[in-house]
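Trainee: Next up is a structure, given as structure tokens.
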Amino acid sequence: MTGEHPAVRLRGVVKRFGDSTAVAGVDLDVGHGEFFTLLGPSGSGKTTLLRMIAGFELPDEGLIELAGVDATAVPANARDVNTVFQDYALFPHMDVISNVGYGLMVAKVPRNERKKRSEAALDMVRLTGFESRKPAQLSGGQRQRVALARAIVNEPEVLLLDEPLGALDLKLRQEMQVELKDIQRRVGITFIYVTHDQEEALTMSDRVAVMDGGRIQQVDTPFRIYERPASEFVAGFIGVSNLLERDGRQVTVRPEKVHLVTDGETPPAGAHVEAGTVTEVVYLGMVTRYIVALDAGGNVTALRQNVETQDEDTVGLRGRRVQVAWLPEQAYEISSAG
Amino acid sequence: MTVVAPERAGRRVNPVSAALLRRTWLRTTLLLSPPLAWFLVIYLASLAIMLVTSLWSVNSFTQTVDHTLTTQNFHQIATGAYPTIIGRTVLLAALVTITDAILAFPFAYAMARIAKRRTQRLLLVAVLLPLWASYLAKIYAWIAILEKGGTLNWTFSKLGLPLPNLGFTNAAMWIAFTYIWLPYMIVPIYGALERIPGSLLEASADLGGSGLTTLRRVLLPLALPGLVAGSIFTFSLTLGDYVTPLLVGGANSTLIGNAIYDNLLTGGNLPLAAALAVVPIVIMVAYLVGAKRLGAFDAL
């Protein structure tokens with residue numbers, strides 16, 4: 001039977017802190033082995049939701065099921081979930097191997113097996129040889145790995161990750177994104193991942209739930225979240241999006257799909273074409289971003305890959321009259337109510 | 001690029017500030033020398049004089065101090081009534097320390113981790129306020145509670161229970177000391193507990209640890225430096241006190257402090273008093289070394 005139940009099922013979950021409502025009624029199913037991301041700005045309720053799944057907060061209303069079993073009022077230490085904390089929360093007085101083996105020690109796993117499994121977990125996060133170090137002697141990235149090993153070694157039903165890469169620098173973060181995804185694939189544990197970084201969410205997830213104001217705005221695959229945003233909020237939060245009002249309809253087009261057409265160039269066949277003036281040119285290395293004020297009203301951001309760019313002639317476009325064009329099927333109407 | 005704006009370049013800089021800015025060692029020396037001078041002259045010098053004095057003796061015929069070095073005083077301490085007095089003092093200090101630790105830990109925990117900010121401040125004031133009251137006033141309050149016609153006996157008699165009669169006993173000393181030094185135990189434990197990130201306790205629970213496991217494996221080890229700091233206060237303060245035994249103690253309540261006092265003022269034996277004063281110092285050093293060996297300061 002358990003196979004038919006989702007790993008995590010939330011129904012009508014509400015959490016209030018005093019006068020403010022952190023989570024305002026969330027329904028969600030997360031499947032077994034899924035890499036699921038809760039994405040949203042700070043204060044959107046994503047961390048509170050995660051803490052309720054972990055058992056650190058109890059919901060004021062609603063139901064939390066883990067693998068088909070009601071866990072709404074089950075304390076954190078009796079839930080088959082483990083957490084990777086934002087600040088890693090490694091025990092400073094224990095060495096790495098004791099940190100990793102803590103859950104097994106509590107579960108009274110025999111010493112030999114505990115050692116073997118802890119070492120295997122350390123090997124998985126590529127930290128073999130660091131067993132007897134104290135957390136203070138590790139770098140941020142290494143601490144992050146220990147925290148991951150400490151959670152995974154217990155083979156929980158669900159692994160909760162609360163912005164685990166937030167404290168790392170960009171390069172290390174990108175490396176860890178790939179590694180986390182790889183580890184998740186290998187162990188097959190359900191990951192619920194909280195982040196405010198939309199790129200991170202798109203890179204790693206099987207599905208993404210975009211949260212705002214304590215509610216889930218959209219749950220979908222990264223592709224559909226980006227290409228078919230369900231609301232103005234989702235369109236604006238995920239990547240840069242152009243929002244235009246045409247004939248009383250809200251239309252969104254991604255900047256990379258807007259062609260900038262200068263003198264002597266022809267727009268692609270069948271494209272929707274509008275005229276405007278370039279107001280801003282931002283050179284970003286790989287691409288250049290142009291902001292064009294349209295004659296029909298509104299601004300449009302267009303991206304152009306710097307494939308054939310010569311010298312600094314791109315910047316020279318500022319103030320020039322241009323045309324912008326996009327294929328009609330690349331523009332989507334969205335409900336402004338969202 | 002011009003680094004210094006012209007109008008700023010011409011501004012006059014205080015030469016003392018300029019000299020201090022460039023010399024870290026000078027700043028450190030200036031900041032440290034007053035307390036260091038105080039420490040060296042007042043504390044270490046008098047300690048050295050005391051140690052030398054403990055090796056002198058008193059001529060029994062002339063009652064004058066003989067300045068030839070001898071270990072006679074320490075032989076005297078190792079015999080007669082003194083071992084009993086030292087043993088009683090150490091036992092009482094240990095008992096007071098343990099009682100204070102047991103009382104202080106839950107209180108400090110509630111203060112540091114459960115109470116809201118407002119309650120937290122109120123509790124801290126409640127802990128520190130008694131330190132402003134006179135030591136003697138607090139001792140006399142305990143006499144009034146514990147003596148034969150005191151509050152405690154009165155309460156027990158009203159309840160129809162056998163009278164405890166704790167006045168002027170070693171138990172009375174234990175109670176009074178425990179009360180007086182309790183804030184010195186609460187504050188360092190509070191400090192240690194407050195610094196533990198909440199996520200560590202959540203992590204312990206998250207990994208399946210019960211409340212008791214978290215207490216034993218996470219809270220206590222991390223609070224240990226605070227606990228040891230507090231115990232140094234309660235232990236050493238009890239070790240050196242001579243007023244409480246005089247006022248609330250009974251016939252068999254002489255502590256090291258009283259022995260020193262008696263030899264100094266009524267016995268007129270300054271060298272023996274000095275030798276007795278060495279005893280608590282040796283005990284404290286042994287205590288600190290032991291605590292360090294057990295890893296009490298590892299989490300610092």
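Trainee: Please work out which residue is nearest to the other protein chains (Cβ to nearest Cβ), limiting yourself to the range A:99-112 and to residues that are surrounded by fewer than 17 Cβ atoms within 10 Å (Cβ to Cβ) and not basic (Lys, Arg).
Mentor: Within the range A:99-112, the match that is nearest to the other protein chains (Cβ to nearest Cβ) is A:Ala107.
Trainee: Given the conditions (1) in contact (Cβ under 8 Å) with a residue 12 or more places away in the chain; (2) open to solvent by less than 20 Å² (accessible area, probe 1.4 Å); (3) within 14 Å of another protein chain (Cβ to nearest Cβ), and given that B:Thr238 satisfies all but one, which numbered condition is not satisfied?
Mentor: (3)
Trainee: Another question, then. Just the residues that are hydrophobic (A, V, I, L, M, F, W, C) and either open to solvent by 30 Å² or more (accessible area, probe 1.4 Å) or within 7 Å of another protein chain (Cβ to nearest Cβ) (or both), please, taken from the range A:77-93.
Mentor: Selection gives A:Ala78, A:Phe85, A:Ala89, A:Phe91.
Trainee: For the range A:208-306, list the strands (runs of 3 or more DSSP E) that sit wholly inside it and hold at least 1 residues that are within 29 Å of the chain's Cα centre (by Cα) and free of Cβ contacts under 8 Å to residues at least 60 places away in the same chain; which are they?
Mentor: A:215-220, A:242-246, A:272-283, A:287-294, A:299-305
Trainee: Another one. Output the number of residues of the range A:176-207 satisfying the condition of being farther than 12 Å from A:Ile238 by Cβ, part of a helix (DSSP H, G or I) and touching a Gly at 6+ places or on another chain (Cβ under 8 Å).
Mentor: Summing the residues that are farther than 12 Å from A:Ile238 by Cβ, part of a helix (DSSP H, G or I) and touching a Gly at 6+ places or on another chain (Cβ under 8 Å) in the range A:176-207 gives 1.
Trainee: Next up: Could you say which residue among A:Ser118, A:Ser98 is of a type in the set (Gly, Ala, Ser), assigned by TED's automatic domain parsing to the domain that holds A:Gly213 and under 23 Å from A:Arg185 (Cβ atoms)?
Mentor: That would be A:Ser118, the only listed residue that is of a type in the set (Gly, Ala, Ser), assigned by TED's automatic domain parsing to the domain that holds A:Gly213 and under 23 Å from A:Arg185 (Cβ atoms).
Trainee: Is it fair to say B:Ala223 is in contact (Cβ under 8 Å) with a residue 60 or more places away in the chain and of a type in the set (Gly, Ala, Ser)?
Mentor: When the stated conditions are applied, B:Ala223 passes them.
Trainee: For the condition at pLDDT below 90 and open to solvent by less than 80 Å² (accessible area, probe 1.4 Å), what is the one hit in A:Thr301, A:Thr314?
Mentor: Residue meeting the stated conditions: A:Thr314.
Trainee: May I ask you to list the residues in the range A:38-71 that are in a strand (DSSP E or B) and not aliphatic (A, V, I, L, M)?
Mentor: Hits for the range A:38-71 are A:Glu61, A:Gly62, A:Glu65, A:Asp70.
Trainee: Right, next: Would you mind stating whether A:Ser231 is among the hydroxyl-bearing types (Ser, Thr, Tyr), at pLDDT below 90 and either open to solvent by less than 50 Å² (accessible area, probe 1.4 Å) or in contact with a helix residue (DSSP H, G or I) (Cβ under 8 Å, 6 or more places away or on another chain) (or both)?
Mentor: Yes.
Trainee: May I ask you to say which residue of B:Ala203, B:Ala223 is within 8 Å of chain A (Cβ to nearest Cβ) and either hydroxyl-bearing (Ser, Thr, Tyr) or open to solvent by less than 10 Å² (accessible area, probe 1.4 Å) (or both)?
Mentor: When all the criteria are applied, what remains is B:Ala203.
Trainee: If I filter the range A:137-146 for residues that are at pLDDT 95 or above and assigned to a loop (DSSP other than H, G, I, E, B), do I get at least one hit?
Mentor: There is at least one residue in the range A:137-146 that is at pLDDT 95 or above and assigned to a loop (DSSP other than H, G, I, E, B).
Trainee: Specify the residue that is nearest to the other protein chains (Cβ to nearest Cβ); the eligible residues are those in the range B:186-200 that are of a type in the set (Gly, Ala, Ser) and surrounded by fewer than 21 Cβ atoms within 10 Å (Cβ to Cβ).
Mentor: B:Ser199
Trainee: Out of the range A:58-86, which residues are farther than 17 Å from B:Ser210 by Cα, out of contact with any strand residue (DSSP E or B) (no Cβ under 7 Å at 6 or more places or on another chain) and among the aliphatic types (A, V, I, L, M)?
Mentor: A:Leu58, A:Ala67, A:Val69
Trainee: Oh, and also: When you scan the range B:182-288 for helices (runs of 4 or more DSSP H) that lie fully inside it, which ones turn up with 2 or more residues that are among the hydroxyl-bearing types (Ser, Thr, Tyr) and under 30 Å from A:Leu50 (Cα atoms)?
Mentor: B:198-206, B:211-214
Trainee: If you check A:Val13, A:Val96, A:Val74, which single one turns out to be more than 10 Å from chain B (Cβ to nearest Cβ), open to solvent by less than 10 Å² (accessible area, probe 1.4 Å) and farther than 25 Å from A:Leu180 by Cβ?
Mentor: Unique residue meeting the criteria: A:Val13.
The values are calculated or read from the model by the stated rules, or taken from the named source; none is laboratory data. Being a predicted model, the structure only gives us computed values, none of them experimental. Positions of Cβ are backbone-derived with ideal geometry, glycine not excepted, and every protein chain shown enters the neighbour counts. Remember, those area values only see protein heavy atoms, side chains included, never the ligands or the DNA or RNA. Shrake-Rupley method; radii C 1.70, N 1.55, O 1.52, S 1.80 Å.
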